[in-house]
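The values are calculated or read from the model by the stated rules, or taken from the named source; none is laboratory data. Note that the coordinates shown come from a computational prediction; the quantities given were computed from them, not determined experimentally. Heads up, the Cβs are rebuilt from the backbone with ideal geometry, glycines too, and the neighbour counts pull from every protein chain shown. We work out accessible area using only protein heavy atoms, side chains counted, and drop any ligands, DNA or RNA first. Shrake-Rupley method; radii C 1.70, N 1.55, O 1.52, S 1.80 Å.
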Amino acid sequence: MNRLLKLMEEKLLPFAHRVAGQRHLGALRDGFITLIPLLIIGSIFLIIQNFPIPGWDVKQVEWFGAAFPDLITLPAKATFDLLSLYVVFAISYRLAQHYKMDAITTGILSLVSFLIIAPKTLKSESGEVISNVIPMGEWFGSKGLLVAIIIAILVTEIYNFFLKRKIIIKMPEQVPPTVAKAFSALIPAFTMFSLMLVVSILFLQTPYHSLNEFIYVMLAKPITLFIANNVFGALATCISITLLWSIGINSGSLVNGVLRPFWLDLQKENMNAIQAGQPLPNIITEQFFDMIWIGGAGTTLAVAIILIFRAKSRQFKELGRIAGAPGLFNINEPILFGLPIILSPLMLIPFNLAPVAITVVNYFAMYFDLVARPTGVVIPWTTPPIIQGFMITNSWTGAVLQVVDLIIAGLIYYPFIKMVDRQKYKEEITEK
Amino acid sequence: MKIILACDAGMSTSIMVTKMKNVADEKDIAADIQAIPLKFLDENLEGTDVVLLGPQMKYTLEKIQTRLADHNIPVDVIDSLDYGMMRGDKILEQALRLVK
């Protein structure tokens, strides 16, 4: 076991770090992270409109007028329903920064390319197709995220290629650099916009009518079905995060960074269902996992609590006190490195097992509607547990579920903590 | 004295900076302590006296040591237990030892 861990540390760790540091994944992650505050703010307005007080839906109209529900959710619509526009810009901007290109020019080029490609039509309720509009939602919201990501990376790469090969219009040296820079984008922009146009026209000839529809049907939908929206996908996500953390890789941001575009579409479907007064279709969202990581990856708040109240070793008691406060905000490096859990054969067992147990319990509690499902709103992952469960599900059942989760995790961790604690306590006594 | 803590992007490194600053203030040591992601190390080297790596970055130690040898900046890895227990005093001591 120790040999295996050592091998993992020497071989797998550098590899995993290289993957985590891969430039496109990095740009994807950083691009989304830039936008998350906007989604959180948008969500706050949704939470206000849907706050779970009986009769609030009637009262808000009574007090503020019939238009109130539509008006108060405008910030949510302007963020979630046009998300693809922001994503294509943000990812391209981050990738351009990595290449040390002119980031804002690159971002705008990607945005325009996306606008050329995405279908700009809207079907009215009577079935009439209105053209030349940018609709809220549809390909500009969460449904268009995958295309937004592809376009952002493609355009940035092509632009970078042109710059590197110097296939640009060169201005004489007397021309100010800002003007020269603007001109240097001319040939790449012309090429890219033409390419987008050709792609659009080609896809019009297919049954999909657009690249967006094609990618959605061929990639986004299947991936969402297989990876994101079933109990096995949930378990795979959960285990991949704890396994990577087991060798010391900050995996939450890595795994979430890849799956977020798929989750966001599921979240939006839930939000739409709420607005339409229908039952929520999806269980797996990013917040489903936030609810599992009570105190941080591996549900380690349970560990901190056990250490505070049950540890005999002085060092572990102190560690519990140090880890408690950050744990309330789901930050757990003190536990992971201090106990330690990382690369410790014994503690890795409950660290990987407890979240699996909770994932299964939570999934089926939501599947059988014993507990409310995540509404889709985005709240900061640093929100303290229990309050977090309430806000994510918009129901007290979510808060209770997190208490149950904490107890389950505690029971799984307890015997293992007892073992390392006894050992440590013995060491401390013999030292004296 | 400028001390750099380099790690992935960890949340707790910034908590560590606060702890170390408190110790430095108590002991009247003028120290500029910063936590940065490892990939931004090169941009932040100016005036740096010592670089400490987060325990999870141990495998990069050799590479970074050779890179920083030209700048005469010492590098070491923070002990994983000190990191977990948030021992600002121990880690500050380690930094001071390396500078000497």
Quiz prompt | DSSP-assigned coil residues among trypsin sites (Lys or Arg not before Pro) in segment A:63-152, each with at most 12 further Cβ atoms within 10 Å | solution = A:Lys100
Quiz prompt | Among beta bridges that DSSP assigns inside the protein assembly as shown, antiparallel share in %, nearest 5 | solution = 20
Quiz item: With axes computed from alpha carbons, what is the tilt in degrees of helix A:83-98 against the longest principal axis of chain A, rounded to the nearest 10 within 0 to 90?
Solution: 80
Exercise. Note down the magnitude of the dipole of chain A about its Cα centre, charges +1 on Lys and Arg C-beta and -1 on Asp and Glu C-beta and zero elsewhere, to the nearest 20 debye.
Key: 1380
Self-check item: Efficiency of FRET between A:Leu74 and B:Lys100 - r from beta-carbon atoms, R0 51 angstrom, step 0.05
Solution: 0.25
Quiz item: If one takes the accessible area of chain B alone plus chain A alone and subtracts that of the pair, with a 1.4 Å probe, what total in Å², rounded to the nearest 100, results?
Solution: 1600
Quiz item: Among A:59-72, A:210-223, B:81-94, how do they line up from the highest to the lowest mean number of other beta-carbon atoms within 10 Å?
Solution: B:81-94, A:210-223, A:59-72
Quiz item: Got a sec? Charge dipole of segment A:286-431, +1 on Cβ for Lys and Arg, -1 for Asp and Glu; which of A:Leu343, A:Val420, A:Thr300 is way out at the positive end?
Solution: A:Val420
Quiz item: Of all the accessible heavy-atom surface of chain A, with the other protein chains kept in place and a 1.4 Å probe, what percent is carbon and sulfur?
Solution: 70
Quiz item: Using the alpha carbon gyration tensor of segment A:22-72, what are the three equivalent-ellipsoid semi-axes (square root of 5 times each eigenvalue), largest first, in whole Å?
Solution: 36, 10, 6
Practice problem: Between A:Phe368 and A:Ser240, with labels modelled 7 Å along Cα→Cβ, what's the label distance in nm to one decimal, could you check? | Solution: 2.9
Quiz item: How long, wide and thick is segment A:286-431, going by the Cα atoms along their three principal axes, in whole angstroms, largest first?
Solution: 54, 24, 24
Self-check item: Heavy-atom surface of segment A:286-431, accessible at 1.4 Å and reported per residue (Å²)
Solution: 39
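Taking Rh as the Kirkwood radius computed over C-alpha pairs, what is the Stokes-Einstein D of segment A:1-145 at 37 °C in a medium of viscosity 0.692 mPa s, expressed in µm² per second?
176
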Quiz item: Roughly what would the spin-label model give for A:Arg3 and B:Glu43, points 7 Å off Cα along C-beta, in nm?
Solution: 4.5
Practice problem: Averaging sequence separations of C-alpha pairs under 8 Å and six or more residues apart, then dividing by the length of segment B:2-99, give the relative contact order as a whole percent. | Solution: 35
Practice problem: Quick one: grab Rg to one decimal and Dmax as a whole number for the protein assembly as shown, Cα atoms only, in Å. | Solution: 25.8, 84
Self-check item: Hydrodynamic radius (Kirkwood) for segment A:250-363, which is based on Cα pairs only, to one decimal in Å
Solution: 15.6
Practice problem: Please calculate how many Å² of accessible area segment B:2-99 carries per residue, with a 1.4 Å probe and no DNA, RNA or ligand atoms counted. | Solution: 49
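How fast does segment B:2-99 diffuse by Stokes-Einstein, in µm²/s, taking the Kirkwood radius from C-alpha pairs at 25 °C and 0.890 mPa s?
Stokes-Einstein gives a translational diffusion coefficient of 186 µm²/s.
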Quiz item: Ordered by packing density, taken as the mean number of other Cβ atoms within 10 Å over each peptide's residues, highest first, how do A:110-119, A:39-48 rank?
Solution: A:110-119, A:39-48
Quiz item: Taking the Cα centre of segment A:286-431 as the origin, how large is its charge dipole in debye, to the nearest 20, when only Lys and Arg (+1) and Asp and Glu (-1) carry charge on their Cβ atoms?
Solution: 440
Quiz item: Hey, any idea what % of chain B's accessible area is carbon plus sulfur with a 1.4 Å probe?
Solution: 49
Practice problem: Can you spot the aspartates and glutamates whose alpha carbon is less than 18 Å from A:Lys123's alpha carbon? Ignore those fewer than 8 places along the same chain. | Solution: A:Asp81, A:Glu138, A:Glu213
